[in-house]
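> Got a structure for you, questions after.
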Amino acid sequence: MTEKPYSTIWIRRGTWAIADQGLFALANVLFNVLLARWLAPAEYGAFAVAYSAFLFIGAFHAALLIEPMLVFGPGRYASRLARYLSVLIRGNYVLMIPGSLLLIATGIGAWFFGSPPLACALFGLAAASPFTLFMWFTKRASYIRQQTHFAAAQSAIYLFLVLPGLFALKVFHVVSVFSAILVMGLAGAVAGQWLVRRLRTATADSEEVLAQHDVLIAHWKYGRWALVTGLLTWVPFNLYFVVLSTWANFEASATLKATTNLVLPLLQANAASSALLLPLLVTRAVNRTEFRRLVGRALAVFVAVGMLYALTIGLFGRPLIHLLYGGKYRATAAMIWLLALIPIIDGLAVVFASTLRSLEQPKQVFRAQLFAAVCVLALGVAATGAWGVTGAMGAIVLAGSLAATLLAVSVSKQLAEPAQLIEPKAKAMISNDERQNYCDLCAEEGALYGNKKGYDLLSCRRCGLFWTDPLQYHQPQTTVEETYPSETIYLSNSLPQKKRFRGQLKTFLRASGFEDVKSLRVLEVGSGLGFFLDACEEMGIAAEGCDIVERAVQYANRERTRVRLGTLDDYYGDESFDAIFAFNLIEHLPHPKAFLTEARRILKPGGSLVLETPIQESLFHWLARAGHTLSQGRLNFFGMKPGGHIYKFSKKTFRKENGFTNVYQRNIESPFGEIWGNSSTLSVNHKFLYRVSLPIAWAVARITKQENRLFLLLRKLVEPQTVVSSEIASGVTRGLLTQCQ
Ligand SMILES: [Zn+2]
């Protein structure tokens, strides 16, 4: 054998590997087809659901046992392989004790919730799965020993045990979902045991010690990440069997399973071919031109095969289903054509994922899968509820397409010529004296969070404050009057606005403990058209305001003078107000610290500063962060820009020493219309994504109390403190004018 050239050996091993996968796929497909023919649709549907549950447990098994073995077997334990495999065989059964118990518990639950067929299927799998997974494990073990001919023989043994077993059940009239699964487990046990004996006899271990707990730790450390990926890949294909059985019935799950059986052989073949493609790609990765050519060829082959398969399914799928299942299952044309897309999508995904893995970028594969799974999850469940099997099929196709697209983007970036390093635009365009690279509140140097078009996002490690650098654009700005929303829009919204303000006033009175409402003196900074002042007056509170928009001041003063054109400055005497309100203002101010200092000066001892401002501890911010990370900085849904929302505060920011103590805080939502309108500044692609996710996120945020703004009541600390009256930038309330999130 050693005299033969390497390529001959490789081809021989490859041929055996293909034979192995072919025989194994054949056994699985025949098993499924016979079961679908012989069992009632409800029973086969129960099998489909239970099998999904089994694959879920199989994901744990693969991640903790098989995948680490493929790395450590030829590597660190190569000289002690026989003992290593013995440890893993014990591990297989130890791991399957909780797995089987879980299946039994689920089965008992199914029994009591009135689904005996599902219970039977789960009980059967509880007994069979340790042996089935044992066979999968031994098969991969023979691959690391490169004894693929043993694996092929094992698949043949399995095939010739399962088929006669099923026919025997048929002859003796004992076909049931339970007995069929037992046959599967028994065949797995025999085939697995056969292969283990072959593997054991052919090994000579060194004398080195092999500690069981070392193996355990190594497998856990490697496998915990594979575990996440494994569970994620389970979702897009398997979840819908479970969803269909709960939203529709087992017959629907059975139809989905019976239909998707048609593409299983190709999916399995693709998986097997990728195992051969990967090492080939790895060896070519050094030469980019050659590598690109190889990726192109692989794509051509996989897509051509996929299209051929798709065409066959599209044209003959329905008669084929009729023939295979004896007329028991019927697929609509829509289902068939959706199904036909799966082989093409899978071919693309397999090539792209292998390419990224060969470039040692498994993280990008993980990201694409995560993003696709999360995006399609809610939509898929809803579609399944609305359109049943067709909806589920659509969801599978959508998740696959999204993942393949994301993978394609990653690949094209990897394959592009190394781009010249471009200086962040913000740094190039803006002179140093316009920059704000330290935290306005604690003077700590800001950490770079991301580069945007023309500005940076910085964050403070000490207080968590987030801001744009620079704070303002130097370019001539549109005037205040031009950007101010027309009065008609504001006025049309006056009733809900006033209702909102009344609620906030009541919250303020409760939290601050002010009892004598008549004696209160209140100032609103950025009072706009005066709706809050109206609400105060209705409740008998003396309130005045200030704003820098002349038209707004005129409107607010139409009946009598109560608003001053200007900002928070020396006009107001020391300790002259009981409370200062500023709604959606502070995030627009270039220097919030100066505002806090000035507010503190004007407030009476023990007086309150009431703020409303977008907050980081919210679902929106969390989603924006996730989008920013996953898109590698391309998605910017933070709603911040120089001259607009300059700052985003954290709850942590307000806990820092600032002359105030935090009395009350609660997340509150933005009016939906306001954040919907906010998307008009986004680019077309981003706007679409934003508008698709916004309604769901807004509703979820309300239910989970993770709304995007903070309503906050700060009380002026009574201890005397030297307060430096700092100069306030001329446009303290300028921010009010731009749109508010
Ligand atoms: Zn800070």
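The values are calculated or read from the model by the stated rules, or taken from the named source; none is laboratory data. Worth saying up front: this structure is predicted, and the values here are computed from it rather than measured. Using ideal geometry, Cβ is built from the backbone for each residue, glycine included, and neighbour counts are taken over all protein chains shown. Ligands, DNA and RNA are excluded from the accessible area calculation, which covers all protein heavy atoms including side chains. Shrake-Rupley method; radii C 1.70, N 1.55, O 1.52, S 1.80 Å.
> Here are some conditions: (1) in a helix (DSSP H, G or I); (2) without any contact (Cβ under 8 Å) to a residue 40 or more places away in the chain; (3) open to solvent by 50 Å² or more (accessible area, probe 1.4 Å). K593 meets all but one. Which one does it not meet?
Going through the list (1) in a helix (DSSP H, G or I); (2) without any contact (Cβ under 8 Å) to a residue 40 or more places away in the chain; (3) open to solvent by 50 Å² or more (accessible area, probe 1.4 Å), K593 breaks only (2).
> Here is a list of conditions, (1) of a type in the set (A, V, I, L, M, F, W, C); (2) at pLDDT 80 or above; (3) away from the ligand (no atom under 16 Å from the Cβ), and F466 meets all of them except one; can you say which number that is?
(3)
> So, of the residues in region 646-656 that are among the charged types (D, E, K, R) and outside any loop (DSSP other than H, G, I, E, B), which turns out to be least open to solvent (accessible area, probe 1.4 Å)?
My answer is K648.
> V175 passes all but one of (1) assigned to a helix (DSSP H, G or I); (2) touching a helix residue (DSSP H, G or I) at 6+ places or on another chain (Cβ under 7 Å); (3) closer than 24 Å to Y44 by Cβ; (4) open to solvent by less than 80 Å² (accessible area, probe 1.4 Å); which number fails?
Of the numbered conditions (1) assigned to a helix (DSSP H, G or I); (2) touching a helix residue (DSSP H, G or I) at 6+ places or on another chain (Cβ under 7 Å); (3) closer than 24 Å to Y44 by Cβ; (4) open to solvent by less than 80 Å² (accessible area, probe 1.4 Å), the odd one out for V175 is (1).
> Restricting to region 302-320, name every residue that is touching a helix residue (DSSP H, G or I) at 6+ places or on another chain (Cβ under 8 Å) and farther than 16 Å from P343 by Cβ.
Result: R318, single match.
> Quickly run through region 541-552 and pick out the residues that are modelled with pLDDT under 90 and open to solvent by less than 50 Å² (accessible area, probe 1.4 Å).
Result: I548, V549, A552.
> So, one more: Of these, T106, T138, T132, which one is over 33 Å from the mean Cα position of the chain (by Cα) and among the polar types (S, T, N, Q)?
Result: T138 is the single residue among T106, T138, T132 that is over 33 Å from the mean Cα position of the chain (by Cα) and among the polar types (S, T, N, Q).
> Next up: From the list L227, L159, which one is aliphatic (A, V, I, L, M) and within 28 Å of the chain's Cα centre (by Cα)? Steps first, answer last, please.
On the way: L159 fails: within 28 Å of the chain's Cα centre (by Cα).
Residue meeting the stated conditions: L227.
Residues checked against (1) part of a strand (DSSP E or B); (2) open to solvent by 60 Å² or more (accessible area, probe 1.4 Å); (3) modelled with pLDDT under 85:
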| residue | (1), (2), (3) |
| --- | --- |
| N636 | no, no, yes |
| G644 | no, no, yes |
| N658 | no, no, yes |
| T661 | yes, no, no |
| R666 | yes, yes, no |
| S670 | no, no, yes |
| G677 | no, no, yes |
| S680 | no, yes, yes |
| N685 | no, yes, yes |
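> Assuming R37 fulfils every condition listed in (1) modelled with pLDDT of 90 or more; (2) open to solvent by 30 Å² or more (accessible area, probe 1.4 Å) apart from one, which condition is it?
Status for R37: all satisfied but (1).
> Moving on to the next point. Considering only region 551-562, I want to know if a residue exists there that is assigned to a strand (DSSP E or B) and not assigned by TED's automatic domain parsing to the domain that holds Q436.
No, region 551-562 has no match at all.
> So, G185, is that one open to solvent by less than 10 Å² (accessible area, probe 1.4 Å) and under 21 Å from V49 (Cα atoms) or not?
yes
> Another question about this same structure. From the residues in region 538-553 that are of a type in the set (D, E, K, R) and within 9 Å of R564 (Cα to Cα), which one is nearest to the chain's Cα centre (by Cα)?
D547
> Given the structure, is T733 surrounded by 13 or more Cβ atoms within 10 Å (Cβ to Cβ), over 24 Å from the mean Cα position of the chain (by Cα) and modelled with pLDDT of 75 or more?
On the way: surrounded by 13 or more Cβ atoms within 10 Å (Cβ to Cβ): yes; over 24 Å from the mean Cα position of the chain (by Cα): yes; modelled with pLDDT of 75 or more: no.
Here the answer is no, as T733 does not meet what is asked.
> To continue, here is another question. Among (1) in contact with a Cys (Cβ under 8 Å, 6 or more places away or on another chain); (2) away from the ligand (no atom under 15 Å from the Cβ), which single condition is L441 missing?
If we test L441 against (1) in contact with a Cys (Cβ under 8 Å, 6 or more places away or on another chain); (2) away from the ligand (no atom under 15 Å from the Cβ), just (2) comes out false.
> Moving on to the next point. Can you tell which of D569, D578, D534, D547 is over 30 Å from W467 (Cβ atoms), touching a residue at least 40 places away in the same chain (Cβ under 8 Å) and not basic (K, R)?
On the way: D569 fails: over 30 Å from W467 (Cβ atoms); D534 fails: touching a residue at least 40 places away in the same chain (Cβ under 8 Å); D547 fails: over 30 Å from W467 (Cβ atoms).
Selected residue: D578, the only one of D569, D578, D534, D547 that is over 30 Å from W467 (Cβ atoms), touching a residue at least 40 places away in the same chain (Cβ under 8 Å) and not basic (K, R).
> Sticking with this one: Here are G45, G22: which of them is surrounded by 22 or more Cβ atoms within 10 Å (Cβ to Cβ), assigned to a helix (DSSP H, G or I) and of a type in the set (G, A, S)?
That would be G45, the only listed residue that is surrounded by 22 or more Cβ atoms within 10 Å (Cβ to Cβ), assigned to a helix (DSSP H, G or I) and of a type in the set (G, A, S).
> Go through region 447-461 and give me each residue that's more than 19 Å from Q632 (Cβ to Cβ) and either more than 10 Å from the ligand (Cβ to nearest atom) or touching a helix residue (DSSP H, G or I) at 6+ places or on another chain (Cβ under 9 Å) (or both).
Residue satisfying the conditions is C460 alone.
> Do we have E587 as assigned to a helix (DSSP H, G or I) and touching a helix residue (DSSP H, G or I) at 6+ places or on another chain (Cβ under 9 Å) here?
On the way: assigned to a helix (DSSP H, G or I): yes; touching a helix residue (DSSP H, G or I) at 6+ places or on another chain (Cβ under 9 Å): yes.
In short, yes.
> Counting only residues that are under 15 Å from A556 (Cβ atoms) and in contact (Cβ under 8 Å) with a residue 40 or more places away in the chain, how many does region 507-531 have?
Qualifying residue count for the region: 7.
> Moving on. With respect to E612, is the statement that it is of a type outside the set (A, V, I, L, M) and part of a loop (DSSP other than H, G, I, E, B) true?
So E612 fails the test.
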